[in-house]
Amino acid sequence: MIVGISGSPRKKATEYVLREALRILEAQGFQTKFFTVRGKEIKPCQHCDYCLKHKVCRIEDDMQELYGMLKNARGIVMATPVYNGGVSAQIKAVMDRCRALVAADYDFFRGKAGMAIAVGGDRIGGQELAIQQIITFYILNGVIPVSGGSFGANLGATFWSKDTLEGVKEDEEGFRSLRKTVKRFASTLKMLEGDEMAEEKKKKKRVAWGITGSGDRLPETVEVMKKIRRQYPDVEIAVYLSKAGEQVIKYYKLMNDLKENFGAARVEIDANTPFLAGQVQVGRYEFLLIAPATSNTVAKISMGIADSLLSNAAIMALKAFVPVYIMPSDYKEGEVITKLPDGRDLRLRVRKEDVEHVRKIATMDGVFILEKPEDIHGVFKKHFG
Ligand SMILES: Cc1cc2nc3c(=O)[nH]c(=O)nc-3n(C[C@H](O)[C@H](O)[C@H](O)COP(=O)(O)O)c2cc1C
């Protein structure tokens, strides 16, 4: 779907030429949606940073409608009247308010295509500067900017309205620039569609691996995961550490090992930071693996307490039908001997209560319990062959 955004407060030239762009795209089989700032309330960004923390904009105005539309957009056509040699304040507010979308998902705009239209009252009144502003917004946010190319549509579609609707309708040169730009925009969208399908396949080859604060079988798990990494080079394994997980990884001097093999590990700040639960929920990861999982994390999942990064991610994953594989450190009642980083043995009691939690999560739809690190091989085989 392609979203056309008109930045004019009037139902005049800008709206007219944008609708024409969308009409051409519809004729080529694209689905389009039209949005205008006309008659809407879109306040300027307050830079309150609420979105950085809460992943949504707290200003309840008409921008909320556009947020929803942009979510499903593969392409954006931004059209602005030229005001003082640049974009209108209204379209600038739209651009700035998009910060909330990027705060929630850094790659929100990445891979979408964008084209620009500028309508000035003068023949040379700043149309190209206005388009530059739109293109800069695109580049900053990862939107692929598309122009109509040289010989008439260098940066995009430019119109001379003479300040009236009738004036813009007479601007044959402007419509030529529009048709050229829309043509290249449509072909870029088709190209991206092919890439998108390839990307879609790739997307499924991402796995989130959570490590909690248990030293028991931790080095063995890391070794198994390193083997898997080599065996499945096209599967991206993203490592997430609980707060205690980070401490234990450091205690066992495994941080560098993780970094070298899986890239920088993301460390828990709170239940939603880093933004794992949301990513799991939208299907970014094929599955979530928590290995080793402490009795604390297992108990939280068992009781539905989502107040830590990995328990929250697991509960969200289950709600979104994303499988969760858990290797509990306390699997069977009795005693276990675990190795400390200095090689000494540590005798631990596995409590009945902890084993009961393992039994409980084992009955949950979408949870799969792994007994030992080697079982992780089977998980990757099942998902990636
Ligand atoms: C505040 C303001 C500033 C303007 N500045 C420019 C300008 O710098 N260059 C220009 O060519 N036209 C300028 N115009 C004229 C508009 O770009 C022109 O009338 C255009 O058609 C308005 O779009 P609309 O018909 O969709 O409302 C300005 C208009 C307003 C209201």
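The values are calculated or read from the model by the stated rules, or taken from the named source; none is laboratory data. From a predicted model like this one, the values you see are computed outputs, not experimental measurements. Quick reminder, even Gly has a Cβ in these numbers, built from the backbone with ideal geometry, and neighbours come from all protein chains shown.
Can you confirm whether Val37 is at pLDDT below 95 and among the β-branched types (Val, Ile, Thr)?
Details: at pLDDT below 95: no; among the β-branched types (Val, Ile, Thr): yes.
Against the criterion (at pLDDT below 95 and among the β-branched types (Val, Ile, Thr)), Val37 does not qualify.
Tally up the residues in the stretch 192-212 that are modelled with pLDDT of 90 or more and surrounded by fewer than 21 Cβ atoms within 10 Å (Cβ to Cβ), please. Spell out the reasoning first.
First, pick out the residues of the stretch 192-212 that are modelled with pLDDT of 90 or more: 206-212.
Filter once more, keeping what is surrounded by fewer than 21 Cβ atoms within 10 Å (Cβ to Cβ): 206.
Residues in the stretch 192-212 being modelled with pLDDT of 90 or more and surrounded by fewer than 21 Cβ atoms within 10 Å (Cβ to Cβ): 1 in total.
Taken over the stretch 300-338, residues that are in contact with a Gly (Cβ under 8 Å, 6 or more places away or on another chain) and not in a helix (DSSP H, G or I) amount to 6.
Quick one: which of Ala208, Ala186, Ala153 is outside the structural domain of Ala13 (by TED's automatic domain parsing) and closer than 30 Å to Asn72 by Cα? Don't jump to the end; show me each part of the working.
Values: Ala186 fails: outside the structural domain of Ala13 (by TED's automatic domain parsing); Ala153 fails: outside the structural domain of Ala13 (by TED's automatic domain parsing).
Just one listed residue meets the conditions, Ala208.
Close Cβ contacts (under 6 Å, 6 or more residues apart or on different chains) running from residues in the stretch 28-52 that are surrounded by 12 or more Cβ atoms within 10 Å (Cβ to Cβ) to residues that are in a strand (DSSP E or B) and of a type in the set (Ser, Thr, Tyr) comprise Thr36/Ser6.
Taking the condition of being of a type outside the set (Phe, Trp, Tyr) and either within 16 Å of the ligand (Cβ to nearest atom) or at positive phi (or both), how many residues in the stretch 2-41 meet it? Before the answer, list the steps.
Let us first name the residues in the stretch 2-41 that are of a type outside the set (Phe, Trp, Tyr), namely 2-15, 17-29, 31-33, 36-41.
Among the residues that remain, those that are also either within 16 Å of the ligand (Cβ to nearest atom) or at positive phi (or both) are: 4-15, 17-22, 29, 36-40.
Number satisfying all stated conditions: 24.
Looking at the stretch 7-31, which of its residues are hydroxyl-bearing (Ser, Thr, Tyr) and within 13 Å of Ala157 (Cβ to Cβ)? Of everything in the stretch 7-31, those that are hydroxyl-bearing (Ser, Thr, Tyr) and within 13 Å of Ala157 (Cβ to Cβ) turn out to be Thr14, Tyr16.
Of the helices (runs of 4 or more DSSP H) entirely within the stretch 65-162, those holding at least 3 residues that are under 18 Å from Cys45 (Cβ atoms) and within 16 Å of the ligand (Cβ to nearest atom) occupy 89-97. Yes or no: the stretch 105-122 includes at least one residue that is surrounded by fewer than 21 Cβ atoms within 10 Å (Cβ to Cβ), out of contact with any His (no Cβ under 6 Å at 6 or more places or on another chain), modelled with pLDDT of 95 or more and more than 24 Å from Leu66 (Cβ to Cβ). Yes, the stretch 105-122 contains a residue that is surrounded by fewer than 21 Cβ atoms within 10 Å (Cβ to Cβ), out of contact with any His (no Cβ under 6 Å at 6 or more places or on another chain), modelled with pLDDT of 95 or more and more than 24 Å from Leu66 (Cβ to Cβ).
Among the hydrophobic types (A, V, I, L, M, F, W, C), at positive phi and over 28 Å from the mean Cα position of the chain (by Cα): which single residue out of Phe151, Phe175 fits that description?
Working: Phe175 fails: at positive phi.
After applying the criteria, what remains is Phe151.
For every residue, the table says whether it meets (1) among the charged types (D, E, K, R); (2) out of contact with any strand residue (DSSP E or B) (no Cβ under 9 Å at 6 or more places or on another chain).
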| position | (1), (2) |
| --- | --- |
| Val3 | no, no |
| Arg10 | yes, no |
| Glu15 | yes, no |
| Leu22 | no, no |
| Phe30 | no, no |
| Lys33 | yes, no |
| Pro44 | no, yes |
| Asp61 | yes, yes |
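Quick one: in the stretch 163-176, which of the residues that are surrounded by fewer than 19 Cβ atoms within 10 Å (Cβ to Cβ) and in contact (Cβ under 8 Å) with a residue 12 or more places away in the chain is farthest from the ligand (Cβ to nearest atom)?
The residue in question is Arg176.
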